[in-house]
Amino acid sequence: MALAASVSIAESSARERMAPPSRFGDRAFEWLTLAMALTVLVLVILIGWELWNGSSVALKKFGFHFLTTSTWDPVAEEFGALPFIYGTLVSSAIALIIAVPLSIATAAYLTELAPLWIRQPLVSLIEMLAAIPSVILGLWGIFVMVPWLRDYPFPFLKGYFGWIPLFTGPIYGPCMFAGGIIIAIMILPIITSVSREILRSVPNLQREAAYALGATRWEATRIAVLSYAKKGLFGAVILGLGRALGETLAVTMVIGNTPQIAASLFKPGYTLASVLANEFTEATTDIYLQALFEIGLVLFGITILVNLLAQLLLRTITTTSATRAVQ
Amino acid sequence: MKSLKSSRKILAIVLLTGISATASAQMMINGAGATFPYPIYSKWFDEYAKVDPSVRFNYQSIGSGGGQKQILSQTVDFGASDGPMSDENLAKAPGKILHIPTVAGAVVITYNLPGNPALKCDGDTIAGIYLGQIKKWNDPKLTGLNPGVKLPDQDIVVVHRSDGSGTTFIFTDYLSKISSEWKSKAGTNTSVNWPTGIGGKGNEGVSGQVKQTPGAIGYVELIYATQNKLPYADVKNSAGEFVKPTIESVTAALATAEIPEDFRFSMTNAPGKEAYPIAGATWLLVYQQQKDPAKGKKLVEFLKWAMAKGGGMAKSLDYAPLPETVQQRVLKRIDEIKY
């Protein structure tokens, strides 16, 4: 078939040089890639539908209260997801606050400043961090990180910043703060790797132009590189946030698993993903299982919502900087 | 040369698995459910393969909730659960489901105190601690039970399971029997609305947090505590004796527990001087009327074998086997399975 086509092309091009070549391969390629891309969409829709279906009774029974009440009582069959939503958002926020500056600074160092001999080992180390299974990180969290946090950094924070409600109350070890820190460790490699690729793709002309104008290294990195790559870096952070929202096992090990909303980060918390991982296997009553499905639906919704908001934010950032550039 | 050898090896493996696959295609009995008895069930299935090579068991430890769901939807030949099925769930079954108790296990109270002294406690105290009413280790209730032990003026950090589990079911079932306040505030389930404390995932999560937190108290399976050499308390039983959790004291509790005809029993706070009070059984769930006669026959043969020969293996894995009297009753029930 392909042979026939090429033969006919050769013949026709011999006759009249302007005849267009066969487009069959291109078309097939286009359709194939379209089909692949649609699979993702179909999967997302199916997951959403399945979650909706699985939680239909709970949706009807608890209604909007599911999102606004805080009781989670499988015995009395009263279910409210507010503490889990709160825990997911707060732990992810802590993780981003810690991981974003660290990751972007690391990426900037690796692409702009680091001598070659240090670059490769450091990159490999970061990639190794990404390869640590989450259950191992969780166990390390229980046995090493949490006791250390409890004995040194937490009392320090409480001593000096105890006047802020975030750092009050007794320190047990497993808590919202520890959960946020373990998520930060888990999303660090992905944000760093993606940021590094983005910074590497900044054209050298940018840097050279900045240096030519007499910029210092810091100025060149800030203006010519980081600012130029803003959009991409933002994308890297969103990728990290996506992981942070859904991170399950390691967080479950160190967050304390108590559905409560507390101002202090030293109090135990709970996330949507954790309660699913914890309770799904042993949920025997229908409404209990339905409520857990609804938790999944809420997590699904939050992930989509956060991503949409991020896209919106990204658009405003890029348009304002574009107008500023024009002015 | 090396690659030739390894490819031969691979070929042999492929052939062997192919053969065993065709053999098992004749008879593969599928089950799913509780995680707690998974080690002993796999041991039984392994040993039974030597007794009857024509049948193979495939057991997936997906949790008691999953086990009950799958036996109800008849996607497995048998289910397994750490708690008996509720009337509500049984009513949904297309046929009569029998509960076959297999082994039992204890839940122990573990703690982290300076020097880890041997402790004694009773149900009221444990309930008080888990309700958040007893807050200090030198509370008069604790010092009263432990004369001679110097208990520190330290906060008690309560640790419980965060994941739904049969262990929690047994523990909360015990507390509900002891304390009416617990029963109304938290109740009995695989996971409850805890009045206080922090949650650890799995036995390793609870014991990890207890080990790492000075002044902590938690509950774990006896097997887990003995294998990891955790300190655990003697608990006062309903006869007023302080009993150490062991395989023997759990079997003693099984012997004295009141077991109804349908075997849906709770053995916590069992009467009897030697009975350890915080213990529970685990069950296999099978339909009385088997759909597939050949499979049903093999399943019954296996169950009988497990009753007769399984006890010793259970002990070696730290599970408490059923006492003779209960075994006889269970065997009678197995005989009622029709195929």
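Which of B:K96/B:K298; A:K231/B:K201; A:K267/B:K229; B:K183/B:K332; B:K43/B:K338; B:K69/B:K136 have a Cα-Cα distance over 31 Å?
Distance filter (> 31 Å) returns A:K231/B:K201; B:K183/B:K332; B:K69/B:K136.
Which value, to two decimals, describes the C-alpha radius of gyration of the range B:108-159 once divided by 2.2 N^0.38 Å?
1.01
For chain B, how big is the tail of P(r) above 35 Å, as a whole percent of Cα pairs?
29 percent
Does the range A:85-194 come out rounded, prolate or oblate by the C-alpha gyration tensor, with a ≥ b ≥ c the root eigenvalues, rounded set by a/c under 1.5 and, if not, prolate when a/b is larger than b/c and oblate if not? Before the final figure, lay out each step's value.
On the way: a/c = 2.07, a/b = 1.79, b/c = 1.16.
Judged from the Cα gyration tensor, the range A:85-194 comes out prolate (a/c at least 1.5, a/b above b/c).
Within 10 Å of each Cβ in peptide B:209-220, how many partner chain Cβ atoms are there on average? Round it to a whole number, please. Could you put the intermediate results ahead of the total?
Numbers: counts 10, 0, 3, 9, 6, 3, 1, 2, 0, 0, 0, 0.
The per-residue average across the peptide is 3.
Using just the alpha carbons, could you tell me how many Å³ per residue the convex hull of the range B:67-195 encloses? The partial results should precede the final answer.
Details: hull volume 17.1 nm³, N = 129.
Each residue corresponds to 132 Å³ of Cα convex hull volume.
Cα axis of helix B:38-51 to longest principal axis of chain B: angle in degrees, 0 to 90, nearest 10?
30 degrees
Could you work out how much longer the chain between A:A35 and A:I261 gets when fully extended? Use 0.36 nm per residue separation minus the Cα distance between them, nm to one decimal. Don't jump to the answer; show the numbers that get you there.
On the way: separation 226, 0.36 × 226 = 81.36 nm, distance 4.45 nm.
Fully extending the segment from A:A35 to A:I261 adds 76.9 nm.
Counting only other chains, and only Cβ atoms inside 10 Å, what mean value do you get across the residues of B:59-69?
Values: counts 0, 0, 1, 3, 6, 4, 10, 5, 3, 4, 4.
Counting other chains' Cβ atoms within 10 Å and averaging over B:59-69 gives 4.
Given the C-alpha atoms of the range A:57-326, compute the convex hull and give its volume per residue in Å³.
Spread over its residues, the Cα hull of the range A:57-326 gives 161 Å³ apiece.
Under 5 Å between amide H atoms, partner at least 5 residues away or on a different chain: which partners does B:G200 have, H built in plane at 1.01 Å?
It is B:H160, B:R161, B:S162, by chain and number.
Shielding of A:283-294 by partners, i.e. mean partner chain Cβ atoms within 10 Å per residue?
The mean count of partner-chain Cβ atoms within 10 Å per residue comes to 4.
Using only alpha carbons, build the gyration tensor for the range A:50-142 and give me the equivalent ellipsoid semi-axes, biggest first, whole Å. Before the final figure, lay out each step's value.
On the way: eigenvalues 374, 45, 33 Å².
Here the semi-axes work out to 43, 15, 13 Å.
Using a Gaussian network model on chain A with a 10 Å cutoff between Cα atoms, which of A:I183, A:I47, A:I261 fluctuates the most?
So, out of A:I183, A:I47, A:I261, the one fluctuating most is A:I47.
Taking trypsin sites (Lys or Arg not before Pro) as exposed when DSSP calls them loop (any state but H, G, I, E, B) and at most 11 other Cβ atoms lie within 10 Å, what is the longest stretch of chain A free of them, the sites themselves excluded?
Working: sites that count: A:R17, A:R23.
The longest uninterrupted stretch comes out as A:24-327.
Which value results for Rg/Rh of the range A:186-245 when Rg is the Cα radius of gyration and Rh the Kirkwood radius based on the inverse mean 1/r? Can you show the working numbers first?
On the way: Rg = 13.2 Å, Rh = 12.1 Å.
Taking Rh as the inverse mean 1/r over Cα pairs, Rg/Rh reads 1.09.
How charged is the neighbourhood of B:S86? Take every other residue with its Cβ under 11 Å from the Cβ of B:S86, and add Lys/Arg as +1 and Asp/Glu as -1. Spell out each step's value before the answer.
Numbers: positive: B:K92, B:R264; negative: A:D286, B:D87, B:E88.
The answer is -1.
Looking only at the protein assembly as shown, where both bridge partners belong to it, what percent of the DSSP beta bridges are antiparallel (to the nearest 5)?
Details: 25 of 41 bridges.
Percent antiparallel among DSSP bridges in the protein assembly as shown is about 60.
At q = 0.07 Å⁻¹, work out log10 I(q)/I(0) for the protein assembly as shown with the Debye formula, treating every Cα as an identical point scatterer and leaving solvent out; two decimals please.
Relative scattering, expressed as log10 I(q)/I(0), comes to -0.61.
Quick one: 3J(HN,Hα) in Hz for the range B:245-262, Karplus 6.51/-1.76/1.60 with θ = phi - 60°, rounded, Gly and Pro as x.
Using θ = phi - 60°, the values come out as x, 9, 4, 5, 6, 6, 4, 4, 5, 4, 5, 9, 5, 7, 10, x, 4, 8 Hz.
Between A:V75 and residues 5 or more places away or on another chain, which pairs have amide H atoms under 5 Å apart, with H built 1.01 Å from N, and which residues are they?
Amide H neighbours of A:V75, under 5 Å, 5+ apart: B:N193.
With runs of 4+ DSSP H residues as the only contributors, calculate the mean residue ellipticity of chain A at 222 nm using -39,500 (n - 2.57) per run, divided by the residue total and rounded to the nearest 500. Don't skip to the end; give the middle numbers.
Numbers: 15 runs with 227 residues, N = 327.
When only DSSP H runs of four or more count, the value is -23000 deg cm²/dmol.
HN-Hα J couplings of the range A:302-316 from phi, Karplus 6.51/-1.76/1.60, θ = phi - 60°, integer Hz, Gly and Pro as x?
Taking θ as phi minus 60°, the curve returns 4, 4, 5, 4, 4, 5, 4, 4, 4, 4, 4, 4, 4, 5, 5 Hz for the range A:302-316.
Calculate one ³J(HN,Hα) per residue across the range A:155-160 by plugging θ = phi - 60° into the Karplus curve 6.51 cos²θ - 1.76 cosθ + 1.60, and present them in order as whole Hz with x for glycine and proline.
Ordered by residue, 3J(HN,Hα) equals x, 4, 4, 5, x, 9 Hz.
Counting alpha carbon pairs within less than 8 Å and at least 6 residues apart, what relative contact order, in whole percent, applies to the range A:57-326?
Details: 350 pairs, mean separation 76.5, N = 270.
Once normalised by length, the contact order is 28 percent.
Assign unit charges at the C-beta atoms only (+1 for Lys and Arg, -1 for Asp and Glu), then state the dipole size of chain B relative to its Cα centre in Debye, rounded to the nearest 20. Before the final figure, lay out each step's value.
Values: 37 positive and 30 negative charges, 236 e Å.
In total the dipole reaches around 1140 debye.
Run through the DSSP bridge list for chain B and note the antiparallel percent, rounded to the nearest 5. Write down the numbers at each step before the final one.
Working: 23 of 39 bridges.
Around 60 percent of the beta bridges assigned by DSSP in chain B are antiparallel ones.
Looking at the range B:235-327, I'd like the Rg to Rh ratio, where Rg is from alpha-carbon atoms and Rh is Kirkwood's inverse mean 1/r. Write down the numbers at each step before the final one.
Numbers: Rg = 15.3 Å, Rh = 14.5 Å.
Across the range B:235-327, the Cα-based Rg/Rh ratio is 1.05.
Let me know the shape class of the range B:32-97, please: from the alpha-carbon gyration tensor, a ≥ b ≥ c as square roots of the eigenvalues, rounded when a/c is under 1.5, otherwise prolate if a/b is greater than b/c, or oblate.
Values: a/c = 2.79, a/b = 1.78, b/c = 1.57.
Because a/c hits 1.5 or more and a/b exceeds b/c, the range B:32-97 counts as prolate.
Using the alpha carbon gyration tensor of the range A:152-262, what are the three equivalent-ellipsoid semi-axes (square root of 5 times each eigenvalue), largest first, in whole Å?
Values: eigenvalues 296, 72, 19 Å².
Those come to 38, 19, 10 Å.
Using +1 on the beta carbon of Lys and Arg, -1 on that of Asp and Glu, and nothing else charged, what's the dipole of the protein assembly as shown about the Cα centre, debye to 20?
Numbers: 57 positive and 49 negative charges, 319 e Å.
With only Lys, Arg, Asp and Glu charged at Cβ, the dipole is about 1540 debye.
Give me the percent relative contact order of chain B, please, defined on Cα pairs under 8 angstrom at least 6 residues apart. Show your work: numbers first, answer last.
Details: 649 pairs, mean separation 74.7, N = 339.
22 percent.
Let me spell out the model: positive unit charges on the Cβ of Lys and Arg, negative unit charges on the Cβ of Asp and Glu, origin at the Cα centre of the range A:57-326. What dipole size does that give, in debye rounded to 20? Each step should come with its number before you reach the end.
Numbers: 16 positive and 14 negative charges, 220 e Å.
Value, rounded to 20: 1060 debye.
Considering only A:G54, A:T221, B:I247, whose Cα is most displaced toward the positive end of the charge dipole of the protein assembly as shown, charges sitting on Cβ of Lys, Arg (+1) and Asp, Glu (-1)?
Positive-end residue among those listed: A:T221.
In the protein assembly as shown, if the dipole is taken from +1 on Lys/Arg beta carbons and -1 on Asp/Glu beta carbons about the Cα centre, which of B:C121, A:G180, B:G33 is farthest to the positive end?
The residue sitting farthest along the positive end of the dipole is A:G180.
Every number here is computed from the coordinates shown, using simple stated rules; none is lab data. Every value quoted in this text rests on a predicted model; they were computed, and no experiment measured them. Cβ sites come from the backbone with ideal geometry, for glycine too, and all protein chains shown count toward neighbours.
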